[in-house]
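The values are calculated or read from the model by the stated rules, or taken from the named source; none is laboratory data. If you're wondering where the values come from, they're calculated on a predicted model, not measured in any experiment. Here the Cβ positions follow ideal geometry from the backbone for every residue, glycine too, while neighbour counts run over all protein chains shown.
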Amino acid sequence: MLELMNVNKAYAESRKVLTNLCYTLESGAYVAIMGESGVGKSTLLNLIAGLDNPDSGEIRVNGVAISQLDDDAATQLRRKQFGFVFQAFHVLPHLTVHQNVALPLLLNNGSTDQVEQMLINVGLRGRGQHFSHQLSGGELQRVAIARALIHRPALVLADEPTGNLDPDTAHDILQLMRTEIKANGATGIIVTHSHAAAATADLVLNLTKDGLFLTQSEHRQ
Amino acid sequence: MKIMQKIGKLRYAKFLLAWLLMAAFLSIETLADEPVSRLKPVVPDHHLSFPADYGAHHDFRIEWWYITGWLDTDDDKPLGFQVTFFRYATDQNHDNPSHFAAKYLIIAHVALSDPATGKLMHHEKTLREGFDLAYARSGNTDVKLDDWYLVRDDQGHYQVEMQTDEFGLKLSLAPTQAVMLQGDKGFSRKGPKPEQASYYYSEPHLRVSGIVSRNNKPVTVNGSAWLDHEWSTAYLDSDADGWDWVGANLDDGSALMAFQIRGKNGGKVWAYAALRNPTGEVRFFSPDQVEFTPLRTWKSPHTEAVYPVAMHIRTEDIEWRLSPFLDDQELDSRQSTGAVYWEGAVTLTRNQQPAGRGYLELTGYVSPLTL
Amino acid sequence: MTTASLSRWLMLGEWRSHYTQVGVTLIAIAIGVAMAYSIHLINTAAFNEFSAASKSLSGQADMQVRSRKSYFDESLYPWLAKQKGIAVANPVLELDVAVVGQQSTRNDQKLKILGIDMFRAAQISPDLLGLPEQGKILDRLASDTIFLSPAAMEWLQVKQGDDLHVYAGLHTLRLRVAGGLVRARAGQRLAVMDIGAMQWGFDQLGLLSRIELKLQPGVNHASFKTWLTEELGATYWLTEVADQELRVANMSRAYRINLNMLALVALFTGAFLVFSTQALSVIRRRQQFALLRVLGVTRAQLLRYVLTEGLFLGALGSVLGLSLGYLIAVMALQLLDGGLGSSFFPGVKPNIFFDPAAAVLFFGVGLCITLIGGIVPAMEAAYARPAPALRAGSGQTVVEKWSSPWPAVICLIAALLFTQLPPIFELPVLGYVAIALLLIGGIALMPRFTAGFFSLLTGRLHRCEMGAVSTLVLARLTNAPGQAAIALGGILASFSLMVAMAIMVMSFRVSIDHWLGQVLPADLYVRVATTGDQGGFQLKEQKVIAESIGFDRVDFFRTQQLTLDASRPDITLLARPIDHDDPRKTLPLTDDVIPPESLPEGIIPIWVSEAMVDLYKFRVGEKVVFPVGTAFHEFVVAGIWRDYGRQFGAVQMQLTDYQRLTGDMSVNTVALWLHDGMAMDTVIENLRQLSFGSALEISRSSDMRALSLKIFDRSFAVTYVLETVAVIIGLLGVGASFSAQTLARAKEFGMLRHVGMTRKQILIMLAAEGGLLTALGIVFGFVLGWSISLILIFVVNPQSFHWTMQLYLPWSWLMSIALMMLVSASLTALMAGRQAISGQVMRAVKEDG
């Protein structure tokens, strides 16, 4: 589903982030990527999402070389195949919860019928007309998860989704993410520093200067 | 008209003080080009007739009444004074029916020599004749310029009042002697050419009483004065550079008048003197019998002009010495009419004996100003 | 670390990272201050110059005696000259004279000649003494000489020694240019003659215009004035120099009010611009401020920091603005040349005078506006509880808090009330206040209005399927209108004022056009160049003209200037045949009229212009007394007519009444109606053939109309230029706010890009937001502008110019302006949005908060 082939990315000569990175991820997998700060976790996510281009190498999503696409095509791909969850939630303040969740559907010209159901799924029944300032952090992330999954993407990318949340809420959110991603049959990649978060993944990968390595010990029970 | 000088370069329009004033103030260089004038010439064998000739003569270009004298305040401080009223015909605007039409101008000067101030206080005014605000009437002396006036009554008494911001005088003048006709029965020549002349009479030994005020402080004064009345249309000789004039009331009751017209080369263009003794007998001196010699000069700090303020005058056999009452008796009116001359009270000696008091006038010592 | 260095770090950091916004704020302050300051400079320069020019004519006089009529008998002069306490009485005859070979349809094309007595003038106004050729001093007293100021020589193309031909009634007068008035003010066209020569030459024997008085030292002015006023009686006016200044001020008032109006536009636009950029910059940093509060910065420290920042920006911007304003004023005066108020003092060139007090004042205004712009949101930021403020999107609530409708509604109600109040010192101060309140109220209501409108729109469109972009746009405009509205504040202010001015100017123009048609009904108007108080046509000439062939109707007009109040400019008395049965046929009457049949018997009716009502409280039906001819007479005010020609007031009466009262049979103007089929050119040619034909000023009414409108357009040209500048500033403000907001919304765009919005879609979204907002702003601005124009037309104009006009809406013009605004605002928004699609926004999602 996701193939990384000899991906190189450097921001400057002195700051090489990814060097000859190779990895292949099966469809339906739910993986966590860990690693030291600055090792290139977020960069990797941006490259996968087509928001940034590698210096060399290729990234394929469902067989499409996203790294070769122009911005519009990459955007189209992202619109259909990707879902995002951010550490800072990024729920638009001037849109209602319902509208926020419906955004990807609107972009894909889809029907917004499933929004209510999705809100129920993420535990926000009856909150559709609320605005972001009326929600707690956990609730905001639930909105974000709903938005990330509403258009049934093939790949959900989450960057420190629980970084702003307390452990209890974080636990709930992580469970929700896993449940929903699995329920939608999507592939999930979660970038995190949190071992608790990583523990919810099927397998945990460690990103180092030398590449992506499976961390057996972190493998889910 | 013969009297009109057909000479292009007339630096001085006229003659004696009045003409000098005109020279500075209303220099009439082009009048020589004017073909016809309405004004009358001065001719010999004309008989002055009084009292009409006390009054103004509008048919002549220039006319003045001129009074100088010595005064004593009640605390015996001497003062000198000068009062002059001019009437000047512009020889223009005769067709203009406007009351403002400037046909005649009235000009007046007043000056006071006060040793306390060390210099001459003076003031002058000019107006066009009209609206009863300024006039010189015929028939008898009656001249007015705003609130300044000089008027003669039927008894021959003059009243004069001239007030300025700085000083003022209000005087009565009473005649003690008969009128003194100058020259040939009032026909007074001013140059080698016969048309260079004026009608001229004097009234010496006028008894003066009145009030002089300085800085609004009035004092009563008494003294004696000399009056000249002169009118003419003629211009001064083209060679003339200025003149020196003296009029003196002598202690014995005599009266002396002498003048010389100086030439540009420093020489004498014309001169005249008349000495009348108390009995009324007049002795006239011809130009060659009159001689002016400077004794001492004074340089004006105001104008840089050098004036012979002390003068020696010889009239045939008589030696006169004139000493100024003050050195600085310069009348500088460049800010208004433009005339600059020295007009001062002097004491006289006759053959080294104190003889009396008079007024000396020195003109033409400053190059004429261009306005 | 001290808090001072914290402030410095914060400030420098902010300026470094947002130098565009800081730059825009600076420019906004600078332009706002510059416009207001330059207009002030031009205004005072012109006024000082007029004042000085007018003063130079009267020199050192303490007082001035004038008559109610323009000219009076000279017998007053000797009487005054003899009065105790008066040191100098200086008689003056002043005439505006037409010069042969020069157009003279307007007053500023005439030559002002002062007739003086040089001996008197020398003591009061020595600058007026002509300088003749050397040795020709008597030229100053001659009957055929004239002395010209350098500007007049240049204008008339003559030099010393040349002949100058001028009109004196039906004759021409040959004068010799005897010399110059070397000490006349630069640019002042002026001539001096001997007063006697002038009385004679211009047939003004026995007449004077004024007598200037210099008092003796030590005379008490006040008691002397009281005494002399009493002595002179009601026919004469005794004024002091201060009164004359007032008179000059009154003369140029209309002109200055026009400029003040523009200064208002500039100041308002500038203020809103500064306010919006400052407010946005503070809102943008709300979270940063909250963080500072969390870190332990006190409220006072935070406020102080924001104030310090504002102080720096305000000071820097104001200094820039002052220099810019000075520059603009200098250039404007050079470009506009004598065009400013030239009808009062033709050719006078005002010089800029640097007045430190005014500079300090305008510096202060700029500083205050900047501080106020920052302090309101800063207060909010400082007093907000830090925790919620830390959260994203909280800036929105700030703006919403301001939009409590009550202050705005109160502003609008107050504005309404103020329009009903009378003028203060004869200036429509409250009218201007009402305009300001209307703007403030309107702009404050803008967010609410925007939200209401777009939620309504969203509601309407709810049923339809909407794409992501339109949903986003509508949602933002509905739910976050505040920030958008701030952005629009500046443009709203400038656009509404522009609309207001456009409506006012066009209404004025249409009214004038209509009025010209009414007041110029005849085909031809024949005048003699007026000189002084004399009507140029005597009975003999009137007969000749009336008997010329080719005319259906011939009307004679007698025009005269009257002083009813010494501190005001003269009014005009027009005596002419007025239709007895229906005065409306002759005069452009308002509805306030007594019908001819109900006019009281035995009292002469007069019809007065609107200015007479405002300035002299003349009311229809009232009996009034004023001097006509040599005596006072009683009249009844029979009606009020519109007069756009004479803002200082005018009175019309029947010519027969005038002639009966004064015995003056002369007239100034003849109106001629052509026979059908007569060729205009033939008729004019015939008139020229008359014995006095060459002295006639013959004007076709069509030409006069065209000329009047041309003058009108020219005098409002400056208005258009400044309006345009105001709108450009407004657009600049939109650009600045939009780009500030775009930056503030970087995370939003980042997220949108993540979820799959293309660059194009984001640009479309921005353009649509900008366009929709501008469209709404335009509609709103139009309503606001229309309301303001009502205030201008029905309050400000009648109060300052004393005339009313009909409302006229120049639709096509307004539409094209609106369209231009729409396009340029959308483009501005679009350009500002370029940042929104840059790569940076992708990273912005990573920024916390």
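What to note about this one:
- Leading residue by the ranking (farthest from B:PHE285 (Cα to Cα)) among those in the range B:229-266 that are hydroxyl-bearing (Ser, Thr, Tyr) and crowded, with 24+ Cβ neighbours inside 10 Å: B:THR233
- Qualifying residue in the range C:744-754 (condition: at pLDDT below 70, surrounded by fewer than 21 Cβ atoms within 10 Å (Cβ to Cβ) and more than 30 Å from C:ALA329 (Cβ to Cβ)): yes
Residue-wise test of (1) of a type in the set (A, V, I, L, M); (2) more than 19 Å from C:ARG646 (Cβ to Cβ).
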{"residue": "C:ASP582", "(1), (2)": "no, yes"}
{"residue": "C:PRO596", "(1), (2)": "no, yes"}
{"residue": "C:ILE603", "(1), (2)": "yes, yes"}
{"residue": "C:VAL608", "(1), (2)": "yes, no"}
{"residue": "C:ALA611", "(1), (2)": "yes, no"}
{"residue": "C:LYS617", "(1), (2)": "no, no"}
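- Residues being assigned to a loop (DSSP other than H, G, I, E, B), more than 18 Å from the chain's Cα centre (by Cα) and either more than 14 Å from every other protein chain (Cβ to nearest Cβ) or polar (S, T, N, Q) (or both) - total across the range A:55-72: 2
- As a summary of the residue check, A:ASN20 satisfies the conditions (1) buried (at least 19 other Cβ atoms within 10 Å of the Cβ); (2) out of contact with any Ser or Thr (no Cβ under 8 Å at 6 or more places or on another chain); (3) not in a helix (DSSP H, G or I) except for the one numbered (1).
- Here the condition is being within 21 Å of C:GLU634 (Cβ to Cβ) and touching a residue at least 40 places away in the same chain (Cβ under 8 Å); of C:LEU520, C:LEU524, C:LEU539, C:LEU615, it holds for C:LEU615 alone.
- Annotation: B:TYR149 fulfils all but one of (1) under 20 Å from B:LEU206 (Cβ atoms); (2) within 14 Å of chain C (Cβ to nearest Cβ); (3) surrounded by fewer than 16 Cβ atoms within 10 Å (Cβ to Cβ); the unmet one is (3).
- Qualifying positions in the range A:118-135 - within 14 Å of another protein chain (Cβ to nearest Cβ), surrounded by 14 or more Cβ atoms within 10 Å (Cβ to Cβ) and not in a helix (DSSP H, G or I): A:GLY128, A:HIS130, A:PHE131, A:LEU135
- The residue that is surrounded by the fewest Cβ atoms within 10 Å (Cβ to Cβ), counting only those in the range C:667-690 that are of a type in the set (S, T, N, Q) and more than 21 Å from C:THR586 (Cα to Cα), is C:GLN689.
- Unmet criterion (only one of (1) part of a loop (DSSP other than H, G, I, E, B); (2) within 29 Å of C:VAL469 (Cα to Cα); (3) more than 13 Å from every other protein chain (Cβ to nearest Cβ)) for A:ASP52: (3)
- Taking the criterion of being more than 14 Å from B:GLY191 (Cα to Cα), assigned to a strand (DSSP E or B) and among the charged types (D, E, K, R), the residues of the range B:245-289 that qualify are B:ARG276, B:ARG283.
- Residues located in the range C:591-612, provided they are surrounded by 11 or more Cβ atoms within 10 Å (Cβ to Cβ), over 9 Å from C:GLY639 (Cα atoms) and of a type in the set (Gly, Ala, Ser): C:ALA611
- Tallying residues that are touching a residue at least 60 places away in the same chain (Cβ under 8 Å), hydroxyl-bearing (Ser, Thr, Tyr) and either over 15 Å from A:MET177 (Cα atoms) or assigned to a helix (DSSP H, G or I) (or both) within the range A:196-217 yields 2.
- Scan the range C:558-606 for residues that are within 26 Å of C:ALA631 (Cβ to Cβ) and hydroxyl-bearing (Ser, Thr, Tyr) and the total you get is 4.
- Residue match in the range C:625-641 (condition: within 15 Å of C:PRO798 (Cα to Cα), in contact with a Phe, Trp or Tyr (Cβ under 9 Å, 6 or more places away or on another chain) and crowded, with 19+ Cβ neighbours inside 10 Å): yes
- Yes/no for C:ALA611 being closer than 30 Å to C:GLU240 by Cβ, modelled with pLDDT of 80 or more and not in a strand (DSSP E or B): yes
- If you go through the range B:126-146 and pick out every residue that is of a type in the set (A, V, I, L, M) and more than 11 Å from chain C (Cβ to nearest Cβ), you end up with 2.
- Condition broken by A:ARG127, with the remaining ones in (1) under 21 Å from A:HIS94 (Cβ atoms); (2) free of Cβ contacts under 8 Å to residues at least 12 places away in the same chain; (3) among the basic types (Lys, Arg) satisfied: (2)
Yes/no matrix, rows are residues, columns are (1) part of a helix (DSSP H, G or I); (2) among the aliphatic types (A, V, I, L, M); (3) closer than 23 Å to C:LEU156 by Cβ:
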site: C:ARG176; (1), (2), (3): no, no, yes
site: C:VAL182; (1), (2), (3): no, yes, yes
site: C:GLN188; (1), (2), (3): no, no, yes
site: C:MET193; (1), (2), (3): no, yes, yes
site: C:GLN199; (1), (2), (3): yes, no, yes
site: C:GLN204; (1), (2), (3): no, no, yes
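- Test: residue in the range C:773-791 that is touching a Phe, Trp or Tyr at 6+ places or on another chain (Cβ under 8 Å), of a type in the set (Val, Ile, Thr) and assigned to a helix (DSSP H, G or I): yes
Residues are listed down the side, and each one gets a yes or a no for (1) within 14 Å of chain C (Cβ to nearest Cβ); (2) of a type in the set (Phe, Trp, Tyr):
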| site | (1), (2) |
| --- | --- |
| B:HIS57 | no, no |
| B:TRP65 | no, yes |
| B:TRP70 | no, yes |
| B:ASP75 | no, no |
| B:GLY80 | no, no |
| B:ALA89 | yes, no |
| B:ASN96 | yes, no |
| B:ALA101 | yes, no |
| B:TYR104 | yes, yes |
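- The range A:78-117: number of residues that are more than 8 Å from chain C (Cβ to nearest Cβ) and farther than 26 Å from A:HIS133 by Cα: 3
- Qualifying residue in the range B:191-201 (condition: within 28 Å of B:GLY364 (Cα to Cα), buried (at least 22 other Cβ atoms within 10 Å of the Cβ) and of a type in the set (Asp, Glu)): no
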